Structure formats: C-alpha cells, structure tokens
There are 2 protein chains.
Amino acid sequence: MSKMHKEHTLTKNQQIIFDLIDKSPEPMKAYSILFSVQKKGINAPLQVYRALDKLVEIGKIHKIESRNAFIACHNSSCQVAKATAFSICEICEKVTEISSTGLSKYLTNFKDKDGMKYSKYNLEFFGSCKKCTPK
Amino acid sequence: MSKMHKEHTLTKNQQIIFDLIDKSPEPMKAYSILFSVQKKGINAPLQVYRALDKLVEIGKIHKIESRNAFIACHNSSCQVAKATAFSICEICEKVTEISSTGLSKYLTNFKDKDGMKYSKYNLEFFGSCKKCTPK
DNA sequence: ATATTAATGTTATATTATTACACAATGTTA
DNA sequence: TAACATTGTGTAATAATATAACATTAATAT
C-alpha cells in the first residue's frame, strides 16, 4: 500500500484524456485536448470537461487556475488534490509541480486570524525558470 | 510616505470600475461589472477588461483566479500585487485577503530545488468560514 | 509643437465552460 | 436476479469569459 490514494478504474474517456495529459510536457487546455481526442470518438466539449472534472476530483490531474490548463499529478504527497503548489515560468510557460514537504507542512498548518478551517489550498509561483533567466 | 506603492491617478473608466469593486462586499465578475457600469457609459467588455488589467497591474485590485473575479486590495503589504493570499469559503463564497507577515515572508523567501527565481505568487485557501462551519 | 505613450470606443470574434435532456453501463442490495 | 441508485455517455444548444483589430483621442515628455 504505497499509494496515497485509492485506485480508481478510469473509464474509457477518462483514460484517453488522462493519457494525453500525462504524456504532455506542458499543461493542456480543454479545447486543445478536445481537438486531440476527436479521432478517438470524443466529440464534444462536455465530454472533455466531465473527464477533467473527475480526474481533478480523484487527484490524477491538477488545474492550473491562472492558465485554465491541466497537468498530470506527479506528486504522491499532494493528497488527492487538497494541497497543490506550482511554479510557472512567465516566459516559456513551463509549469512544474512543487513537492516540498516543508512548504506543504507550513501551508497545511497555516491558521488565519479569523479561525477559518481550511480543507484545501492552491499556490502558484510566477517567475522565470533557469532556462529563461539570463546569466 | 506611508503608502507602499506609488499613487496612480486613475482614469475615468478605471475610477468608475475601481469604486464599484471597492464597494462590493464580494468579488465581482467582469460581466457583472459591465452590467453595473453601462449606465455610466461603459458599454463594451473590452473597456471593462482594460480597466481591470490596469487596476490589477497597479495593485488596486486582485484577481481571484479560481473564481474569475476581482476584489479591491485592502492589504498595504501586498506590494503591488506581487504576493497575494486569499481565503475562500466554498459554501458562501466569501473571499478575504490574508495579511500575514509570517506567511508572506515564508513564501517570498521560498526557494524551490530547481533554483527558479520567483517574482510573484498567488495563494488561495479553500474551506468553510466561521459563519458556515457548523458548531 | 511634436513625438510618444497610454487610454478610449466600437465591432467582431475567440476561448472557456455549463445547461438540459435522453440513454447506457455499472454497482448495490434485497 | 430484479429493482434501484449511481455514474458515465452522447448530443445539441447556449452561457460566460476574454481577446483581436482598428480608428481615434487624451496625456506626457522632449
């Protein structure tokens, strides 16, 4: 039992769409996914959005909110999408999921002064990646 | 010189739209802003989006990415929109800007293991606010 | 004054996402 | 296994969010 979260058997549409996102080196947008899977019989936006919703829900993919795009989860410690952090290069748009135990501990334990109970967070860092930063 | 950021003189459209957002108890969406300001001579989406872009740029308002909505900045320490954190109640959709020196210090100084240089971050916490949390 | 930059007004269009409805597959559970 | 509930599918239509392109005007800088 090394997996952090329950295995879900993906349905056909979910599997097709997950595989596509998982293989993509960059975040994918819903309509670009749609165009890519039309040869596989997925014809309508809703079919894509439904699969995306489910995949996000079970933590197989994450939505990059500032980009309206989706990437596969490569971080077993981001317990079912409850605690996500990304770095985003504003030059080349490369997005990387951050897996820092320190960061996730800090944020998971963070309490605001209003005593609000948090069940989830999403953090997006912006900057320029190593490649795009002039020496 | 108590202000954290340079004063910008807002243009007419910018001022109208800022005032509206500033008075709103909840985040406002672009098209709801558009409907509200049509009596004041702002007729087209682009006029709203242009003002919003500028207001975000100078730090007078922030965009809540997960909601596609905008709130006025009430946090002098969020240096021109470079470092923003919000708490979002998933029940009543109340959004509050978090001003925690500890949090902003921690995140501003955070370095990932790829050595990426960050110039900005946005953090959104989700949960249920005091009002919406059953005792 | 004139060059430059920033903002405006307008039309059209692109992109992102959801509603509504009918039906099929799968999973309980009695 | 029959009945029921739940989840997923397919399709059409439409809503909601955001930008492109172009002409013009206002503000700022030299």
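The values are calculated or read from the model by the stated rules, or taken from the named source; none is laboratory data. Please read all numbers here as calculations on a predicted model, not as lab measurements. For neighbour counting, all protein chains shown are included, and Cβ atoms are generated from backbone atoms with ideal geometry for every residue, glycine included. These area figures cover heavy atoms from the full protein model, side chains too; ligands, DNA and RNA do not enter into them. Shrake-Rupley method; radii C 1.70, N 1.55, O 1.52, S 1.80 Å.
Here are the numbers:
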quantity: Those residues of the range B:54-82 which are within 10 Å of DNA strand D (Cβ to nearest atom) and part of a helix (DSSP H, G or I), in sequence order; calculated: B:GLU65, B:ARG67
quantity: Candidate set: the range B:20-32, residues that are touching a Leu at 6+ places or on another chain (Cβ under 9 Å) and part of a helix (DSSP H, G or I); chosen: the one surrounded by the most Cβ atoms within 10 Å (Cβ to Cβ); calculated: B:ILE21
quantity: Hits in the range B:88-129 (condition: among the charged types (D, E, K, R) and either in a helix (DSSP H, G or I) or at pLDDT 90 or above (or both)); calculated: B:GLU90, B:GLU93, B:LYS94, B:GLU97, B:LYS105, B:LYS111, B:LYS120, B:GLU124
quantity: In the range A:40-68, the residues that are on the phi > 0 side of the Ramachandran plot and polar (S, T, N, Q); calculated: A:ASN68
quantity: Long-range neighbours under 9 Å by Cβ, at least six apart or interchain, first residue within 14 Å of chain A (Cβ to nearest Cβ) within the range B:40-56, second more than 6 Å from DNA strand C (Cβ to nearest atom) and assigned to a helix (DSSP H, G or I); calculated: B:VAL56/B:ALA81
quantity: Hits in the range B:33-53 - residues which are within 12 Å of DNA strand D (Cβ to nearest atom) and open to solvent by 50 Å² or more (accessible area, probe 1.4 Å); calculated: B:PHE35, B:ASN43, B:LEU46, B:GLN47, B:TYR49, B:ARG50, B:ASP53
quantity: Residues being more than 15 Å from B:ASN122 (Cα to Cα) and within 7 Å of chain B (Cβ to nearest Cβ) - total across the range A:101-135; calculated: 13
quantity: Pair list, Cβ under 9 Å, 6 or more apart: the range A:24-36 residue in contact (Cβ under 8 Å) with a residue 60 or more places away in the chain, other residue among the aliphatic types (A, V, I, L, M) and part of a helix (DSSP H, G or I); calculated: A:PRO27/A:ILE21
quantity: Filter result for B:LYS94 (open to solvent by 70 Å² or more (accessible area, probe 1.4 Å), under 18 Å from B:ILE21 (Cα atoms), over 12 Å from the mean Cα position of the chain (by Cα) and within 11 Å of chain A (Cβ to nearest Cβ)); calculated: yes
